[in-house]
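> Attaching a single structure in structure tokens format; questions to follow.
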Amino acid sequence: MMCVIRIRGQVGLRKDIKETLHRLRLRRKYACIVLPNPTKEQLGMIKKLKDFVAFGKINKETFVKLLEARGQPIDKSKKIDAKKVAEELEKGKKYEELNLKPFFRLHPPRGGIDSKKHFGVGKGVLGDNKEKINDLIERML
């Protein structure tokens, strides 16, 4: 499973970058999506956005925490079971079939963001974070 978090804001973006962020449902700063089985096209969009988003492989425990804390049901009268939803998504079901919005709204990370990676120096969060994305998500819950 791949997680993508939008880090940069909306001011001064090129039109094609805005369109790609919109198609991935990353419409606001600190919005997050989780792609259970990313397609070739989605991976290409993420590669195009590497200077605007943080992405990496999310583990199942962090995904369940994300669903419990930030998962929003479409029909508010029905409750969601985070563990069951996580298993169903891995099998190939869609978020809408499971009464869940396909994006998550997160807080800014506690401890701040080190954005020096964008300029070629340091350990910033932009781009591929591999397994460290789990730490970033837990700081944003």
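> In the stretch 38-92, how many residues are in a helix (DSSP H, G or I) and of a type outside the set (S, T, N, Q)?
Result for the stretch 38-92: 28.
> For the stretch 42-70, what are the residues that are buried (at least 16 other Cβ atoms within 10 Å of the Cβ), without any contact (Cβ under 8 Å) to a residue 40 or more places away in the chain and over 21 Å from Leu21 (Cβ atoms)?
Correct list: Val64, Leu67.
> Being among the aromatic types (Phe, Trp, Tyr), over 18 Å from Cys32 (Cβ atoms) and either out of contact with any strand residue (DSSP E or B) (no Cβ under 7 Å at 6 or more places or on another chain) or modelled with pLDDT of 90 or more (or both), is that true of even one residue in the stretch 88-97? It would help to see each step written out before you state the result.
Of the residues in the stretch 88-97, the ones among the aromatic types (Phe, Trp, Tyr) are 95.
So of that shortlist, the ones also over 18 Å from Cys32 (Cβ atoms) come out as none.
Looking through the stretch 88-97, none of the residues is among the aromatic types (Phe, Trp, Tyr), over 18 Å from Cys32 (Cβ atoms) and either out of contact with any strand residue (DSSP E or B) (no Cβ under 7 Å at 6 or more places or on another chain) or modelled with pLDDT of 90 or more (or both).
> A further question follows. Give the residues of the stretch 100-109 that are surrounded by fewer than 19 Cβ atoms within 10 Å (Cβ to Cβ) and either at pLDDT below 90 or part of a strand (DSSP E or B) (or both), sorted by residue number. Steps first, please.
Residues of the stretch 100-109 that are surrounded by fewer than 19 Cβ atoms within 10 Å (Cβ to Cβ), as a first pass: 101-102, 105, 107-108.
Within the stretch 100-109, Arg105 is the sole residue that qualifies.
> I need a count of the residues in the stretch 20-41 that are surrounded by 14 or more Cβ atoms within 10 Å (Cβ to Cβ) and more than 19 Å from Arg8 (Cα to Cα).
Adding up the residues that qualify gives 3.
> For the stretch 1-23, name all the residues that are in contact with a Lys or Arg (Cβ under 8 Å, 6 or more places away or on another chain), over 15 Å from Leu43 (Cα atoms) and aliphatic (A, V, I, L, M).
Ile7
> Please go through (1) over 23 Å from Arg25 (Cβ atoms); (2) modelled with pLDDT under 90 for Ala82 and return the number of the only condition it doesn't satisfy.
Status for Ala82: all satisfied but (1).
> Can you find, within the stretch 1-19, the residue that is modelled with the highest pLDDT among those that are over 23 Å from Val85 (Cβ atoms) and surrounded by 14 or more Cβ atoms within 10 Å (Cβ to Cβ)?
Restricting to residues being over 23 Å from Val85 (Cβ atoms) and surrounded by 14 or more Cβ atoms within 10 Å (Cβ to Cβ), the top hit is Ile17.
> List the pairs whose first member sits in the stretch 72-87 and is free of Cβ contacts under 8 Å to residues at least 24 places away in the same chain, whose second member is of a type in the set (Asp, Glu), and whose Cβ atoms are under 6 Å apart, counting only residues at least 6 apart or on separate chains?
Sorted first by the residue in the stretch 72-87, then by its partner, the pairs are Ala82/Glu68.
> Hey, can you tell me all the residues within the stretch 59-71 that are touching an Asp or Glu at 6+ places or on another chain (Cβ under 9 Å) and either β-branched (Val, Ile, Thr) or at pLDDT below 90 (or both)?
Once the filter is applied, which keeps residues that are touching an Asp or Glu at 6+ places or on another chain (Cβ under 9 Å) and either β-branched (Val, Ile, Thr) or at pLDDT below 90 (or both), the stretch 59-71 yields only Thr62.
The values are calculated or read from the model by the stated rules, or taken from the named source; none is laboratory data. On a predicted model such as this, the values are computed, not experimentally measured, just so you know. Every residue, glycine as well, gets a Cβ built from its backbone with ideal geometry; the counts of neighbours run over all protein chains shown.
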